[in-house]
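Presented below is the structure to which this report refers.
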Amino acid sequence: MSIFLVTGATGRVGRHVAASLTEAGHTVRALVRDTAAVPEGIEAVRGDLGSPETLERAARGVDAVYLMWPGLPVDPRVVDAIARHARHVAYLSTDVPDLAEGEPAASFHQEIERLIRGSGLAWTFVRAIDFAANTLAWADQVRRGVVRWPYGDAARSLIHERDIADVVVHALTTPGHDAAAHVVTGPESITHREQVRVIGEVVGREVRWEDLPPDIAREQLTAAWGDAAFVQSRLKAWEGFVDEPERVTDTVERLLGRPARTFRQWAEDHASDFR
């Protein structure tokens, strides 16, 4: 059995990665800020990706690493520390194109992918298009019975965080995933409007959809998220998904031998979060 270091081990994906590896009999070490939050059976190491020296301690003696990046400024010392100790890293990325030689990175995901490619590590990128869990942002509105959001007819291929974790664990524990970039999605493309209807059915409450004009959405989301460029990119993407639904891949089924979980299954797993 192997020793795995899991970053973000108390997060949405990382906790499932850590649990599945532990259940399979592997030794799991978790790099976390709060060691009290780590379940029994997992070795907790206090640290933070913003402090690469703590990662250095946590990575000693491990075989492989699950790496997620919490939106901090990219620090090459993190990848360097992993490369000094591990053989393989699985990085939770997003649906970004591969960079050409010398091409500037357009996002921190591309920058980290580039660092990992040049590190000498065996690597796997798990590129999740978008999380179903992002719809938890609607929870307060669901409880009030009306969700106001832009582009109700934008069709998304959202993925359950447990499917992401299952692909990560598969990539870390089975051969054939070195230098692979797995784009993972849910099994269907479902509109914002339909997502709200499904959530309402699952929680047993009628929830109406109201289209929020893009200009108002831009103002509200910029105030909430603090990044006008990111908000604009999201609005542009959602507008595009009205006419051309977000793509659906068969990656989960191809790798795991079962279909990806549907959005309804995700909503059922999170019904209490909307009540």
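Remarks
- Gyration tensor (alpha-carbon) shape descriptor, the chain, a/c threshold 1.5: prolate
- Of Val6, Val38, Val17, farthest towards positive along the dipole that unit charges on Lys, Arg, Asp, Glu beta carbons give the stretch 3-128: Val38
- Since only Trp69, His85, Ile112 are under comparison, the one whose Cα sits farthest along the positive direction of the charge dipole of the stretch 59-113, derived from C-beta charges on Lys, Arg, Asp and Glu, is His85.
- Per the Cα gyration tensor, the stretch 3-128 maps to an equivalent ellipsoid with semi-axes of 24, 14, 14 Å, ordered largest to smallest.
- Estimated inter-spin distance, Trp225 and Arg46, nm [label 7 Å along Cα→Cβ]: 3.5
- Overall, the chain carries a charge dipole of about 600 debye about its Cα centre when +1 sits on the Cβ of Lys and Arg and -1 on the Cβ of Asp and Glu, all other atoms neutral.
- Check: the stretch 3-128 dipole with +1 on Lys, Arg Cβ and -1 on Asp, Glu Cβ, in debye: 260
- With Cα atoms defining each centre, the stretch 50-113 and the stretch 3-30 are spaced 17 Å apart in the structure.
- Legend: ranking of residues Ile190, Ile159 from fewest to most surrounding C-beta atoms inside 10 Å; resulting order Ile190, Ile159.
- Its alpha carbons considered, the stretch 1-62 gives a radius of gyration followed by a Dmax of 10.6, 30 Å.
- Projecting the Cα atoms of Ala229, Val248, Pro259 onto the charge dipole of the stretch 204-259, computed from C-beta unit charges around the Cα centre, puts Pro259 farthest toward the positive end.
- Angle between the chain longest axis and helix 214-225 axis [Cα atoms, degrees, rounded to 10]: 40
- Panel values: the stretch 127-275, Kirkwood radius from alpha carbon pairs, Stokes-Einstein at 25 °C and 0.890 mPa s, translational diffusion coefficient 151 µm²/s.
- Under 5 Å between amide hydrogens, built in the peptide plane, is the criterion, and for Ala30 it picks out Val6, Glu43, Ala44, Val45 among residues at least 5 positions away or on other chains.
Any read-out appearing in this document is the output of simple, stated calculations on the displayed coordinates, not a laboratory observation. Just so you know, these numbers come straight off a predicted model, no measurement behind them. Here Cβ is always computed from backbone atoms with ideal geometry, including for glycine, and neighbour counts include all displayed protein chains.
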